[in-house]
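The values are calculated or read from the model by the stated rules, or taken from the named source; none is laboratory data. In this text, all values refer to a predicted model and were calculated from it rather than measured experimentally. Ideal geometry is used to build each Cβ from the backbone, glycine not excepted, and the neighbour counts take in all protein chains shown.
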Amino acid sequence: MAALAGWENFYVIVGSSAGALIGLQFVVITLIAEIPIVTDMERASSAFATPTIVHFGAVLLLSAVISAPWHGIAGAAILWGVAYLG
């Protein structure tokens, strides 16, 4: 189990963050669903939900990369650079 000891913080940070972000998205969608349907409301809610999920996913990915136990900084730096360019 010594090989997995460095991953303890990774799973705690990523797991709790993913749970919080998923819960927040459910709250937002529930609040949007309770608004009376008006013209173009369906398109507006779709336009709001998709970028929010993408941004939450990007933040979760970057926090996962930075909290993983790396042997050096090169791997994390490359992944952050790829995420920046994407």
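When the residues of the stretch 55-86 are filtered to those that are loosely packed, with under 10 Cβ neighbours inside 10 Å and in a helix (DSSP H, G or I), which remaining residue is modelled with the lowest pLDDT?
The qualifying residue modelled with the lowest pLDDT is 84.
Pairs only if they're at least six apart or on different chains, beta carbon under 8 angstrom, first in the stretch 59-86 and closer than 23 Å to residue 12 by Cβ, second of a type in the set (A, V, I, L, M) and part of a loop (DSSP other than H, G, I, E, B); list them, first residue then second.
76/68
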